[in-house]
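A short write-up of the structure that comes next.
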Amino acid sequence: MALTKKEPRSKFYELLQAQIHNEFNASQQYIALAVWFDNEDLPQLAKHFYKQSVEERNHAMALVQYMLDRDHHVEVPGTGQVRNDFSAPIELIELALAQEKEVAADISALAKAARAEEDYISEQFTQWFLKEQVEEISQMSTLLTVARRAGDNVYEIEKFLHRESIGDNGGDSGMPPVAGGAL
């Protein structure tokens with residue numbers, strides 16, 4: 001018996017499928033940033049963005065698990081273009097902040113679609129991701145402020161990251177279940 005492909009039944013599920021792509025792409029972009037920092041011998045920045053990459057991967061897999069739990073077909077997407085060329089650390093942090101703001105807008109659109117469709121279960125599901133984006137934007141904004149204050153002295157950013165703990169490192173106990181388990 002052949003399995004049939006289930007089509008998304010709503011705008012919410014179309015947006016959710018697109019968000020899986022966005023989260024995987026964000027993960028790949030964070031790997032590119034981490035590798036750039038690693039190559040520049042900036043281990044704290046590299047470590048931070050490697051962790052961010054894993055966190056974004058876990059977000060994608062939580063979306064996958066939700067679709068599976070709701071009996072929707074999931075397409076595992078490729079990722080989009082990833083930027084690798086930078087000239088200064090501040091560029092990478094600015095890109096990360098812009099990326100987090102885009103994700104926040106995408107998650108808001110998901111919540112709006114769920115509400116418009118009176119899909120209250122899906123609307124509730126989006127709430128954790130909305131909360132998470134507040135943290136992500138705040139964290140990247142702080143890092144950008146530190147980078148601007150540091151100017152050309154990138155080791156001040158390194159010292160800040162070594163000294164301060166920013167973000168939850170993906171360890172939020174309220175996070176939705178992750179397909180295959182969180183990394």
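The values are calculated or read from the model by the stated rules, or taken from the named source; none is laboratory data. Everything numeric in this text was worked out from a predicted model, so none of it was measured. Please note: Cβ atoms are built from the backbone with ideal geometry, for glycine as well, and neighbour counts cover all protein chains shown.
With respect to being loosely packed, with under 14 Cβ neighbours inside 10 Å, touching a residue at least 24 places away in the same chain (Cβ under 8 Å) and among the hydrophobic types (A, V, I, L, M, F, W, C), residue 92 falls outside the description. For the range 135-154, the tally of residues that are part of a helix (DSSP H, G or I) and either without any contact (Cβ under 8 Å) to a residue 24 or more places away in the chain or small (Gly, Ala, Ser) (or both) stands at 7. Contact map, the range 109-133: first residue closer than 14 Å to residue 67 by Cα, second residue buried (at least 18 other Cβ atoms within 10 Å of the Cβ) and charged (D, E, K, R), Cβ cut-off under 7 Å, separation 6 or more or different chains; pairs are 114/123. Before we move on, is residue 71 of a type outside the set (S, T, N, Q), touching a residue at least 60 places away in the same chain (Cβ under 8 Å), in a loop (DSSP other than H, G, I, E, B) and closer than 14 Å to residue 17 by Cα? The answer is yes for residue 71. The set of residues in the range 1-39 that are under 19 Å from residue 116 (Cα atoms), of a type in the set (Gly, Ala, Ser) and modelled with pLDDT under 95 contains only 10. Looking only at residues of the range 125-160 that are under 19 Å from residue 108 (Cα atoms) and of a type in the set (D, E, K, R), we find that the one that is surrounded by the most Cβ atoms within 10 Å (Cβ to Cβ) is 136. Screening residue 76 on (1) within 27 Å of residue 13 (Cβ to Cβ); (2) crowded, with 21+ Cβ neighbours inside 10 Å; (3) β-branched (Val, Ile, Thr) shows it passes everything except condition (2).
Residue by residue, here is whether (1) surrounded by fewer than 18 Cβ atoms within 10 Å (Cβ to Cβ); (2) of a type in the set (D, E, K, R) holds:
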| site | (1), (2) |
| --- | --- |
| 14 | yes, yes |
| 34 | no, no |
| 45 | no, no |
| 55 | no, yes |
| 70 | yes, yes |
| 83 | yes, yes |
| 87 | yes, no |
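A quick yes/no check of all residues on (1) outside any helix (DSSP H, G or I); (2) modelled with pLDDT of 95 or more:
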| position | (1), (2) |
| --- | --- |
| 52 | no, yes |
| 57 | no, yes |
| 60 | no, yes |
| 66 | no, yes |
| 79 | yes, no |
| 82 | yes, yes |
| 92 | no, yes |
| 97 | no, yes |
